[in-house]
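Read the structure below first, then the notes.
A short reminder: the numbers here are calculations on the coordinates, not readings from a lab. Everything numeric here is computed off the predicted structure, so don't read it as measured data. Here the Cβ positions follow ideal geometry from the backbone for every residue, glycine too, while neighbour counts run over all protein chains shown.
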Amino acid sequence: MNFTQALSLAHSRRAFLEKTTLGLGSIALAGLLRGEEDKLRPRNAVGGFSDMPHHQPKVKRVIYLFQSGGPSQHDLFDYKPKLHEEFGKEVPKSVYPDERKTTMTSGQASFPVAPTALKFKRHGASGIELGETMPHLAKVADDICVIKSMHGEAINHDPAATCFQTGSVIPGRPSIGSWVSYGLGSDNSDLPAYVALTSNGTGKTGQPLYDRLWGSGFLPGRFQGVKFRGQGDPILDLYDPAGVTRSQRRRMLDTLGKLNQTQADHYADPDIRTRIAQYELAYRMQTSVPDLIDFTSESKSVVDSYGLEVRKVGKYAYNCLLARRLAERGVRFIQLFHRGWDAHGGAPGNVRRQCKDTDQPTSALLADLKQRGMLEDTLVVWGGEFGRTVYCQGKLTSTNYGRDHHPNCFTYWLAGGGVKAGFSYGRTDDYSVNVVENPVHVHDLQATILHLLGIDHEQLTYRYQGRYFRLTDVHGKVVRDILT
């Protein structure tokens, strides 16, 4: 049965029940229709369910700095000094068996150990160890919680990134921001609850970033992330065309809303209700977004702290400052997707370039939130879809090497409300190939993010195709050891 036939059948059932049971049957029928479940539970004034959050939240909002491409834990966070003694030697197959190598390197005749060519140093009172390419993050090392024991299953970019965003390697599930928007709603009716921003790293185009990474999947469409464009106006048609006044636009939307509402009542199509809501949000954004993207109210010292590219639309630095402005205006979930970390060759140089793009703006964002008193109720998350191999891909020299994909252990860091500051968690083996202490799965991270927002990840569910789905699928636990 196709969608049109299903709607027709639903309408016929509804009409029959309305006529024969004075409308009581239509209430029960609503539960059978896709996208109608959320209407059966009362929602509060800002769009979230009235029975949420499930417990007292530690944070009001999340800023997720997703580093697309797979940052190398070897060259950034997980220093293994003894590997310098193993330079050029074969990685033991007992440590890295052939079946765990990708097709991009499985045909190599040799798999030599490639210790980092970058220098490491401990920073702050916490003594967190960081690579030399992050001098700005080093200044705020006592504010971050480093998780060295992240792991997942997907070894290719798209399924791995899809899993981090949706909880599944198979496309089609709702993104984490959509789940949060669905459950908690927004603190500002003039801006989306969920915003996605993208940027490209210097010298690297990077892996594709598909809109489904911030999509709503099978949730109603109004919960999908709103992408701000990286050039020109962040939102198309942000300004009224010449000759059209605000009052004229309002009358047009009111008339269109009535027509859409008639169709929604007739067909019970959730997409029509989404269209109504999005038209109204777009109208309000025509007033709120111009003020949002106007940085003239910011002090010069704050703007300058984000780096030289802060005024270039679409750059990572610009997006970091924009993220802070979105956060202070009540946007619930903000994601920055930065492409360019994939380094199958020339890894040291690529790490330097990407850190030059991201290190100062990221650190400035933390400092900016902290000095405004916002870090205590904001969660900042940094990390990519996987890490990189200890063995060299391509030619190995003392100053240059490539690294393949490695999902079995890599590093994330968190900062903000409810998270232990200046704390390092988890441990990997001597080759940074396997987790040996306190493993943290993708679903564990997702469960922890939801927990800090006051959401029980096992209770936030949605019925679709005969079963209840959740972000963490069928497993995942809150990583309580890193919480205050």
Next item on the list: Once you have the Cα-Cα distance between Asn438 and Ser94, take 0.36 nm times their residue separation minus that, and quote the gain in nm to one decimal.
Entry: 121.7 nm
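Apply 1/(1 + (r/R0)^6) to the Cβ-Cβ distance of Asp294 and Gln108, taking R0 = 51 Å, and write down the FRET efficiency to the nearest 0.05. Can you show the working numbers first?
Values: r = 52 Å, r/R0 = 1.03.
The value I calculate is 0.45.
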Check: With the contact rule set at Cα under 8 Å and sequence spacing of 6 or more, what percent relative contact order holds for the range 218-375?
Finding: 20 percent
Check: By per-residue mean of other Cβ atoms within 10 Å, what is the highest-first order of 71-79, 261-269, 304-312?
Finding: 71-79, 304-312, 261-269
Check: Hey, got the dipole for the chain? About the Cα centre, +1 on K and R Cβ, -1 on D and E Cβ, debye to the nearest 20?
Finding: 660 debye
Check: Translational D (Stokes-Einstein, µm²/s) of the range 202-313 at 37 °C and 0.692 mPa s when Rh comes from the Kirkwood sum over C-alpha pairs?
Finding: 190 µm²/s
Item checked: Rounded to 5, percent antiparallel among DSSP beta bridges of the chain -> 50 percent
Next item on the list: Beyond 19 Å, what share of the Cα-Cα pairs of the range 237-292 is found? Please give it as a whole percent.
Entry: 35 percent
Notebook entry, point to check: Taking the Cα-to-Cβ direction at Lys82 and at Leu256 and moving 7 Å from each Cα, how far apart do the two end points lie in nm?
Noted result: 6.5 nm
Note to self: Just to be sure I understand, if you calculate P(r) over Cα pairs in 20 Å bins from 0, in percent for this structure, which of (i) 18, 42, 29, 10, 1; (ii) 23, 52, 22, 3, 0; (iii) 23, 58, 19, 0 do you get?
What the structure shows: (ii)
Notebook entry, point to check: Can you give me the Cα centroid spacing of the range 332-394 and the range 120-153 in angstrom?
Noted result: 12 Å
Next item on the list: Can you tell me the FRET efficiency between Arg246 and Arg463 if r is taken as the Cβ-Cβ distance and R0 is 41 Å, rounded to the nearest 0.05?
Entry: 0.50
Next item on the list: Tell me the label-point distance for the pair Ser301, Ser189, using the 7 Å Cα-to-Cβ offset, in nm and rounded to one decimal.
Entry: 3.8 nm
Note to self: Taking just the alpha-carbon atoms of the range 183-268, what radius of gyration and Dmax come out, in angstrom?
What the structure shows: 17.2, 53
Notebook entry, point to check: At Asp211 and Thr397, where each label point lies 7 Å from the Cα along Cα→Cβ, what is the point-to-point distance in nanometres?
Noted result: 4.5 nm
Item checked: Average Cα contact separation per residue, the chain, under 8 Å, 6 or more apart, as relative contact order % -> 28 percent
